[in-house]
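The values are calculated or read from the model by the stated rules, or taken from the named source; none is laboratory data. All figures in this text were calculated on a predicted structure; none of them were measured in a lab. Every residue, glycine among them, receives a Cβ derived from its backbone with ideal geometry; neighbour counts consider all protein chains shown.
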Amino acid sequence: MIQQFKIINDLSEVIKEYEGILCRPTQRISHPTLYRRRDVGRNEKILKGVRIRDWLFSEDKKWVLPHDQMGLSFSSTYKNLKQELRYILDFRKSRYS
């Protein structure tokens, strides 16, 4: 269902309904957890769609090891989600212009 909002207050009420839900912003044709070569910077390494710098791997790169500071990040607030989307858009503009 598509809904059009006339004022920001209407939109804020809808957003409040989704508080507590975690979101992960992605580009239009990208996967939410896996990367393609075109999705990462030139110097970044990916292994079977997983960005190496996001996870702690075993020495042989066959296992992801638990770590409290590594892994995928999710936005827990609408404000943070907007900031992340803005960052993605700015990155795309700088990369493709």
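Summary table
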read-out	value
Hits in segment 80-95 (condition: hydrophobic (A, V, I, L, M, F, W, C) and within 11 Å of the chain's Cα centre (by Cα))	LEU81, LEU85, ILE88
Condition met for ARG37 (modelled with pLDDT of 65 or more and under 16 Å from ARG95 (Cβ atoms))	yes
Number of the exception - ILE15 against (1) modelled with pLDDT under 75; (2) outside any helix (DSSP H, G or I); (3) surrounded by 12 or more Cβ atoms within 10 Å (Cβ to Cβ); (4) in contact with a helix residue (DSSP H, G or I) (Cβ under 7 Å, 6 or more places away or on another chain)	(2)
Residue check for GLU84: touching a residue at least 40 places away in the same chain (Cβ under 8 Å) and among the charged types (D, E, K, R)	yes
Flag if ARG53 is more than 30 Å from SER12 (Cβ to Cβ), in a helix (DSSP H, G or I) and either touching a Phe, Trp or Tyr at 6+ places or on another chain (Cβ under 9 Å) or at pLDDT 75 or above (or both)	yes
